[in-house]
Amino acid sequence: MASEVRPKRIYFAVRHPQWQGDAFIQRWRQHGRLAMQFMAEQSWAHVNRYVHGDRIYLQGFPNSGPVYDGMGIVFFNSIWSREQHLSNANARNILLLDEDETFAHRVNQHGMVCQESVFEGGQNPIFKWVQVYKASAGCSLSMLDQYLRLHRESLLSGSHSEVQSWIENRPLPPESGAGWGLQADAIVEIGFQSIEAIQSLLERYRDVSPSANPSITCTLNMLVQDHELKGAAKP
């Protein structure tokens, strides 16, 4: 029997111009606490984990793509849980108004709901290298799978790999006819326990990007430091 889908809502945050630096992080956390009030009203029956990833900058890291300020992830227990979470219209309206005070754009413009595949696990990482991939119309999913597999194997190879975790997220069917706001075919999260591990990886590999493929584009490279607002429930 196939395992139950446990969706993740992933979004990339663009700060409202009125918030600078740490002030944005504090305002984002305030928004997160508001969201958690509504999650708690449902006795945490539907949300298993909630994470804010604050963007960080590191010399030598190949930043590319949109200048996002962070990455938010809400982990749901099931497709049904996601639907129940969305059914609270009052909560959604309040949160949307608060988004307008927190972000430059509503988060659905830079987000999607995904199913994750964990290829390298362990405890949750502190730091993540996030990559977003978009395939051209003529590129099949099997081609994208192979492309990411070669990339994954190259960075996980060797007995001294600095990579702690490797997760690939693929979009689930859109919840509306408008589709997902984020145009992507895969979101890759490469986890590390320290900045030193990231620096070591960058030093060992002259080019840590996957080999060029005209059918597949990496539209984002960014580093985030995770802040766990709601930890996963114990099994």
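The values are calculated or read from the model by the stated rules, or taken from the named source; none is laboratory data. Everything numeric here is computed off the predicted structure, so don't read it as measured data. When we count neighbours, we look across all protein chains shown, and the Cβ atoms used for this are built from the backbone with ideal geometry, even at glycine.
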Region 1-107: helices (runs of 4 or more DSSP H) wholly inside it with 1 or more residues that are surrounded by 14 or more Cβ atoms within 10 Å (Cβ to Cβ), of a type in the set (Gly, Ala, Ser) and in contact with a strand residue (DSSP E or B) (Cβ under 9 Å, 6 or more places away or on another chain) are 22-41, 79-86
First in region 34-57 and over 24 Å from Trp80 (Cβ atoms) and in contact (Cβ under 8 Å) with a residue 40 or more places away in the chain, second anywhere and polar (S, T, N, Q) and surrounded by fewer than 20 Cβ atoms within 10 Å (Cβ to Cβ), Cβ under 9 Å, 6 or more apart: Gly53/Gln225; Asp54/Gln225; Arg55/Gln225; Ile56/Gln225; Tyr57/Asn63
For residues in region 214-226 being at pLDDT below 95 and of a type in the set (Val, Ile, Thr), which is nearest to Leu141 (Cα to Cα)? Ile216
Residue check, Leu229 assigned to a strand (DSSP E or B), at pLDDT 90 or above and not acidic (Asp, Glu): yes
Only residues that are free of Cβ contacts under 8 Å to residues at least 40 places away in the same chain and basic (Lys, Arg): list them for region 71-99, please. Arg92
Show the residue pairs meeting these rules: Cβ distance below 6 Å; 6+ apart or different chains; first residue within region 140-157 and in contact (Cβ under 8 Å) with a residue 24 or more places away in the chain; second residue of a type in the set (Gly, Ala, Ser) and not in a loop (DSSP other than H, G, I, E, B). Leu144/Ala135
Looking only at residues that are surrounded by fewer than 18 Cβ atoms within 10 Å (Cβ to Cβ) and either at pLDDT 90 or above or in contact with a Ser or Thr (Cβ under 8 Å, 6 or more places away or on another chain) (or both) in region 143-159, which one is farthest from Trp180 (Cα to Cα)? Leu150
Taking only pairs six or more apart or across chains, which ones have beta-carbon atoms under 7 Å, a first residue in region 160-183 that is closer than 16 Å to Asn124 by Cβ and buried (at least 16 other Cβ atoms within 10 Å of the Cβ), and a second residue that is modelled with pLDDT under 90 and acidic (Asp, Glu)? Val163/Glu120; Ser165/Glu120; Trp166/Glu120
Among the numbered criteria (1) of a type outside the set (Phe, Trp, Tyr); (2) modelled with pLDDT of 85 or more; (3) not in a helix (DSSP H, G or I), which single criterion is violated by Ser200? (3)
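Could you tell me how many of the residues in region 117-133 are part of a strand (DSSP E or B), surrounded by fewer than 20 Cβ atoms within 10 Å (Cβ to Cβ) and either among the hydrophobic types (A, V, I, L, M, F, W, C) or at pLDDT 95 or above (or both)?
Here the count works out to 2.
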